[in-house]
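The values are calculated or read from the model by the stated rules, or taken from the named source; none is laboratory data. Note that the structure is predicted; figures quoted are calculated from it, not measured. Methodologically, a virtual Cβ is constructed for each residue, glycine included, from the backbone with ideal geometry; neighbour enumeration extends over all protein chains shown. Note: accessible area is taken over every heavy atom of the protein model, side chains too, but ligands, DNA and RNA are not part of it. Shrake-Rupley method; radii C 1.70, N 1.55, O 1.52, S 1.80 Å.
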Amino acid sequence: MRTFGEFFRRATGSEPYGFQARIARDGLPDLLEAPTGAGASGVILAWLWRRLYGPDPGRAARRLIYALPQRSLTEQVSAEVREWLASLGLTDVVSLHVAMGARWETEGEWRDDPHKPAIVIGTADALVSKALNRALGMSRAIFPIDFALVTNGAHWVIDEPELALQATTTMRRLAAFAAELGTAEPFGLTRLSTSVKKPIQILDIERTGALGARLGALRTVRRLPVEPGDHQAIATAVLKRHRPGTLTLVVVNTVDAAQRLYSRLRVDAADCTLLHARLRGIERVGRLAAVTGQPGDRGRIVVTTQVVEAGLELDAALLVTETAPWPSLIRRAGRCNRGGLLNADAEVSWLPPPDPFPYQQEDIDATARELGRLEGERLSIEALAARDVPRRQGRRTMIRQSDLARLFDTAPDPSGDDVDIAPYLRDAEELDAEDLDVEVAWATWTPGADAAPDPEIRVPAVEYRCRVPIGEVVALSRDRPVWRFDRAAGGWARVTQQPASRPRPGEVLLISAADGGYDPETGFDPAAPGPVPGVPELLTPEEWAERAALAAAETAMATDGAADAEDDPDEPDLDESEPRRWQSLDAHSAQVRDQAAALLAVLDPTIPPEAARSAVIAGYLHDLGKAHEIWQDAICALADEADEQERARIEAGRPWAKSGGTGALLFANGVAFRHELASLLLIDGPLAALAAESPDPDLTKFLVLAHHGKLRVHVREHQAPAAPSVPLVGPVPAADALPPDGQPSASEIRGLRQGATSAVPPMLGQPATTLTVDLDQFLPDGDSPWTRTVHGLLDRYGPFILAYLEALVRISDWRASGNRDLPTV
């Protein structure tokens with residue numbers, strides 16, 4: 001499309017504002033200050049036009065990372081972007097990914113197609129956790145991939161940074177580290193703020209038309225004459241002031257207050273909606289659609305909390321709000337007369353809350369004093385923002401380069417836990433108040449021992465989860481089972497009042513639907529009886545297989561319900577549009593090499609040529625360890641037992657990389673074999689000639705070892721066993737198969753025993769040979785030669801580029817496994 005104006009009109013049906021066109025022309029600034037209602041989210045389209053059609057597309061980042069302060073906003077913003085892409089005919093060109101979002105929100109494969117434009121939307125905590133190599137809601141193996149993709153070739157936009165001050169502080173520090181340490185593709189950061197003292201970014205000549213009306217919108221300030229916390233009196237006052245055919249917005253500071261007020265209003269209000277952060281996605285989506293419906297759909301009362309403060313396009317004639325810190329009050333007021341067409345009638349009615357939580361009393365008092373001075377005045381948002389209202393400044397945690405280096409190691413500590421990143425994501429006040437959230441899902445399952453869920457089940461999809469403060473979950477656990485996955489024990493354990501069982505922020509917890517605690521109408525409610533309706537059923541792999549077999553018998557059709565056994569479950573689902581076929585290790589290795597070379601050619605990263613060459617060689621050598629007899633015995637066992645000729649062909653065709661079946665790999669004696677460790681040992685030993693052409697052998701070795709994200713800086717198992725891998729590698733070893741203390745032997749790592757020898761078949765042009773296992777570089781004291789090798793790579797390339805190369809090899813493997821075409825410009 002030739003002009004940004006044409007692009008914007010086709011996407012939205014409206015004309016772009018002047019500042020949006022300026023950003024499309026000049027690029028995203030470090031800071032964009034625009035009053036609420038000024039269409040700041042249009043910067044997404046400005047970036048996209050510049051990336052696709054601008055005069056110098058290469059200067060615009062490949063990915064836009066759009067960070068929002070509230071979970072409820074991701075559905076609205078992602079739906080808007082999805083509509084824009086559809087209107088522009090770009091759905092298949094630009095990936096849309098919603099971090100920790102519902103399945104229907106994401107389109108395209110932003111990880112599989114790193115060479116294509118992508119828009120990644122999520123809350124600030126979810127997205128910044130990716131930039132810290134600890135992506136919330138993702139498996140540990142995916143941490144490095146997301147870390148690489150959100151720091152290389154990514155431009156961040158943090159919407160309303162004042163609502164996520166600690167996360168914004170962390171991202172600004174990471175941006176500084178990226179500039180100092182280097183990235184493979186450009187990195188950028190824009191803070192998009194509505195808390196302006198003066199209209200710095202929007203020029204006078206741009207303040208015309210619809211934007212001028214919005215900026216000039218007025219609302220009258222009045223004190224609501226009721227006592228704080230008197231929900232019945234507030235409901236009566238709201239009903240008295242609400243005008244049919246208009247939107248009335250009621251904003252209170254806590255979910256409990258919103259639930260109480262809603263229960264009184266809905267008795268007499270014909271159309272009343274409750275919206276807050278303690279709702280499951282399946283309830284929240286419908287309510288957001290109703291609340292942000294067509295402009296003519298105004299005859300509604302909406303009761304809500306802080307979730308309304310950013311992103312929601314509401315245009316209320318009446319706003320009733322409890323006082324909050326001044327920036328929050330301004331954002332709430334921006335939802336009153338947002339379009340500027342109700343200047344004569346728009347009103348902001350306020351009252352103090354009965355309790356300052358979750359804010360500070362001094363901030364509440366300062367806002368109340370200022371609003372008292374403005375009684376009866378009609379003011380614009382810019383006039384409100386210009387008021388000098390004091391606000392308490394909280395503490396910030398500053399991440400250091402040494403902290404970032406420590407986070408590069410994604411292995412858990414001996415207890416199975418991770419580095420606590422909450423101080424880098426949440427404000428100190430939240431940490432002090434223990435107000436951090438977990439995700440709770442209500443579900444049904446076949447009870448195991450003590451009614452616990454089976455360790456092999458997968459947690460429900462995000463649309464079935466509800467964010468709940470940790471303290472409230474711990475309180476809930478006093479009278480009903482709440483389950484968290486204990487990685488050290490390898491199974492689900494009850495949350496108790498003991499500190500050791502306390503959930504960590506972002507964990508997914510399970511509650512049986514029969515035990516209640518959630519009302520689809522009002523959200524999280526400990527008093528709500530069970531059963532909770534509309535919950536998923538959690539099945540073990542065996543139960544899934546039984547269901548699939550039953551469905552196949554009933555329909556007489558094949559089913560693809562079984563998992564690909566030789567592919568890691570942490571990798572993306574592969575393309576199964578064609579029947580699976582046996583693939584030799586030689587063929588798969590060549591495909592991964594070619595994918596890596598093609599990706600590098602298209603991406604054209606700013607990395608040393610020798611690093612690029614070393615990565616391509618790593619792609620070629622990554623699966624050498626699959627030639628080990630342990631792995632080959634397991635994959636060949638997947639051949640059709642009833643077809644003797646097929647079994648003979650498979651045995652004769654070793655080594656294989658991919659099978660034509662769908663069964664699970666069962667390793668001899670139940671060992672937890674990791675073929676990537678065998679690959680490294682082969683490169684270090686009898687197949688060293690294959691790596692001789694690598695300009696940086698240490699880099700090639702790291703990329704080979706790390707190509708599933710399981711083994712990176714540390715290789716040895718911790719003394720506490722990790723979560724079980726029974727569905728992937730066969731049964732857990734019997735007690736007598738392990739040393740007396742039940743732990744792996746010090747002379748054995750990942751199924752490979754020191755000094756053991758095994759035959760290696762011919763492959764990649766090399767003759768048959770023998771591997772003698774040498775594990776001396778993996779000392780158990782944490783300062784092993786291998787660990788020092790990785791630290792040397794970090795010193796040489798920095799964490800961002802090293803992770804980028806790791807992601808490149810892994811994604812090349814995914815693409816080859818999925819029979820993807822080579823990427824082109």
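Observations on the model:
- Computed [θ] at 222 nm, helices only, for the chain once each DSSP H run of length n ≥ 4 contributes -39500 (n - 2.57): -10500 deg cm²/dmol
- Taking all protein chains as they are arranged and a probe of 1.4 Å, the heavy atoms of Arg487 leave approximately 110 Å² accessible to solvent.
- With θ taken as phi - 60° and the Karplus curve 6.51 cos²θ - 1.76 cosθ + 1.60 applied, the whole-hertz 3J(HN,Hα) list for the stretch 623-639 is 9, 3, x, 5, 6, 4, 4, 4, 6, 5, 4, 5, 6, 5, 5, 7, 5 Hz, x standing for glycine and proline.
- Residues Ile630, Ile65, sorted by accessible area with the largest first, give Ile630, Ile65 [1.4 Å probe; ligands and nucleic acids excluded].
- The stretch 87-126 versus the stretch 143-184: alpha-carbon centroid distance in Å: 18 Å
- Principal semi-axes in Å for the stretch 24-130 [√(5λ), Cα gyration tensor, largest first]: 20, 18, 14
- Entries of Lys130/Lys701; Lys626/Lys658; Lys130/Lys626; Lys130/Lys658 with Cα pairs more than 19 Å apart: Lys130/Lys701; Lys130/Lys626; Lys130/Lys658
- Take the Cβ atoms of Arg223 and Glu313, set R0 to 41 Å, and the FRET efficiency comes out at 0.90.
- Cα centroids of the stretch 593-659 and the stretch 496-533: 44 Å apart.
- Solvent-accessible area per residue in the stretch 625-670 equals 48 Å², computed with a 1.4 angstrom probe and all protein chains kept.
- Of the residues Ala317, Thr106, Val462, the one whose Cα sits farthest toward the positive end of the charge dipole of the chain, with +1 on the Cβ of Lys and Arg and -1 on the Cβ of Asp and Glu, is Ala317.
- Among the protein heavy atoms of the chain, carbon and sulfur supply 51% of the accessible surface, probe 1.4 Å, non-protein parts ignored.
- The magnitude of the dipole of the stretch 108-150, with charges of +1 and -1 set on the Cβ of Lys/Arg and Asp/Glu and taken from the Cα centre, is near 140 debye.
- (i) 31.8; (ii) 28.8; (iii) 29.7, with the label sought being that of the calculated Kirkwood radius over Cα pairs in Å: (ii)
- Given +1 at the Cβ of Lys and Arg, -1 at the Cβ of Asp and Glu and no other charges, the dipole of the chain around its Cα centre is 3160 debye to the nearest 20.
- Label-to-label distance, nm, for residues given as Asp604 and Arg649 (7 Å Cα→Cβ offset): 4.5 nm
- Positive-end residue of Val93, Ser129, Thr74, charge dipole of the stretch 50-139 with Cβ unit charges: Ser129
- The Gln401 and Val93 beta-carbon pair, evaluated with R₀ = 51 Å, returns a calculated FRET efficiency of approximately 0.85.
- Computed from label points 7 Å out along Cα-Cβ, the spacing between Asp774 and Arg9 is 7.1 nm.
- FRET efficiency for Arg547 and Glu362, using Cβ-Cβ distance with R0 set to 56 Å, rounded to 0.05: 0.45
- Contour minus Cα-Cα distance for Ser139 and Ala270 (0.36 nm per residue): 42.7 nm
- Each residue, Arg2 and Thr446, gets one label point 7 Å from its Cα in the Cβ direction; the gap between the two is 6.6 nm.
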